[in-house]
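Quick notes on the structure that follows.
The values are calculated or read from the model by the stated rules, or taken from the named source; none is laboratory data. None of the values given here were measured: they were computed from a predicted structure. Positions of Cβ are backbone-derived with ideal geometry, glycine not excepted, and every protein chain shown enters the neighbour counts.
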Amino acid sequence: MNTPDRIKAAALDLFASQGYEGTSMANIAEVVGIKTPSIYAHFKGKEELFLSVLQDASRGELDFAASHLETGGEALDRKLYKLLSHTRGKYEHNGSTKFWIRMMYFPPASVYRETIDLSYTYLSRMEELLTSVFTGDRSAIGVDPDKAAAAFLCLMDGVIVELLYGTAESYDKRLEASWDVYWRGISHS
């Protein structure tokens, strides 16, 4: 792994566990095994490093969703449900996912605008992806694909809040209850 990637990996772990304000460039340098000024050969400062890590995390989440939703051979309702249920596992075991979700909901003050902009870019791309998936499987739904996508994002947002404030059990409970209502609301049956 090259030095910029090692710096970003260390920064991701520290930002995810200690937050933006709780992480210093010296902490990151120590984990990487380099001197603090060496980081500046690759990144202008903490903000640029943070935003680079955040962009990578956003891309990773979009890639995960796309690969999950664009696979064939599985019914639309199962794909969508599995995307939501896998989110909990990713949050619990994947530092990048945990970092991305936490920063979407709790953006650092000094990079607030940039973080919010990245969040809205992510949400727009997710909505485009979902609309495309719904349009491609129009026979499974009885509502406009745009509305189905927007409603799915609201459902996803609601259960993600349980990851931040609740427990794994409360996440599963809310997912089960809301999924049933959501799918009955958008499907033909």
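Which members of the range 134-154 meet the condition of being over 16 Å from residue 84 (Cβ atoms) and in a helix (DSSP H, G or I)?
Across the range 134-154, the qualifying residues are 135, 136, 138, 139, 140, 145, 146, 147.
Condition (residue is under 14 Å from residue 89 (Cα atoms), hydroxyl-bearing (Ser, Thr, Tyr) and within 21 Å of the chain's Cα centre (by Cα)) applied to the range 173-187: is it met by at least one residue?
Scanning the range 173-187 turns up no residue that is under 14 Å from residue 89 (Cα atoms), hydroxyl-bearing (Ser, Thr, Tyr) and within 21 Å of the chain's Cα centre (by Cα).
So for the range 23-44 (the condition being under 21 Å from the mean Cα position of the chain (by Cα) and not polar (S, T, N, Q)), does at least one residue qualify?
no
Looking for something part of a helix (DSSP H, G or I) and touching a strand residue (DSSP E or B) at 6+ places or on another chain (Cβ under 8 Å) - is there at least one such residue anywhere in the range 96-108?
no
Among the residues of the range 59-72, is any acidic (Asp, Glu), surrounded by fewer than 17 Cβ atoms within 10 Å (Cβ to Cβ) and closer than 20 Å to residue 124 by Cα?
Scanning the range 59-72, I find at least one residue that is acidic (Asp, Glu), surrounded by fewer than 17 Cβ atoms within 10 Å (Cβ to Cβ) and closer than 20 Å to residue 124 by Cα, so the answer is yes.
Could you say whether any residue in the range 79-95 is touching a Leu at 6+ places or on another chain (Cβ under 8 Å), surrounded by 16 or more Cβ atoms within 10 Å (Cβ to Cβ), among the β-branched types (Val, Ile, Thr) and free of Cβ contacts under 8 Å to residues at least 40 places away in the same chain?
Within the range 79-95, not a single residue is touching a Leu at 6+ places or on another chain (Cβ under 8 Å), surrounded by 16 or more Cβ atoms within 10 Å (Cβ to Cβ), among the β-branched types (Val, Ile, Thr) and free of Cβ contacts under 8 Å to residues at least 40 places away in the same chain.
Starting from residues that are closer than 24 Å to residue 135 by Cβ and assigned to a loop (DSSP other than H, G, I, E, B), keep the ones in the range 45-85 and report whichever is nearest to the chain's Cα centre (by Cα).
That would be 70.
In contact with a helix residue (DSSP H, G or I) (Cβ under 7 Å, 6 or more places away or on another chain), crowded, with 17+ Cβ neighbours inside 10 Å and within 30 Å of residue 149 (Cβ to Cβ) - does that describe any residue in the range 29-50?
Checked against the condition, which is being in contact with a helix residue (DSSP H, G or I) (Cβ under 7 Å, 6 or more places away or on another chain), crowded, with 17+ Cβ neighbours inside 10 Å and within 30 Å of residue 149 (Cβ to Cβ), the range 29-50 yields at least one hit.
What is the residue count in the range 140-152 for residues that are touching a residue at least 24 places away in the same chain (Cβ under 8 Å) and surrounded by 15 or more Cβ atoms within 10 Å (Cβ to Cβ)?
Qualifying residue count for the region: 5.
Being in a helix (DSSP H, G or I), surrounded by fewer than 19 Cβ atoms within 10 Å (Cβ to Cβ) and either modelled with pLDDT of 95 or more or β-branched (Val, Ile, Thr) (or both) narrows it down to one residue among 180, 117; which is it?
117
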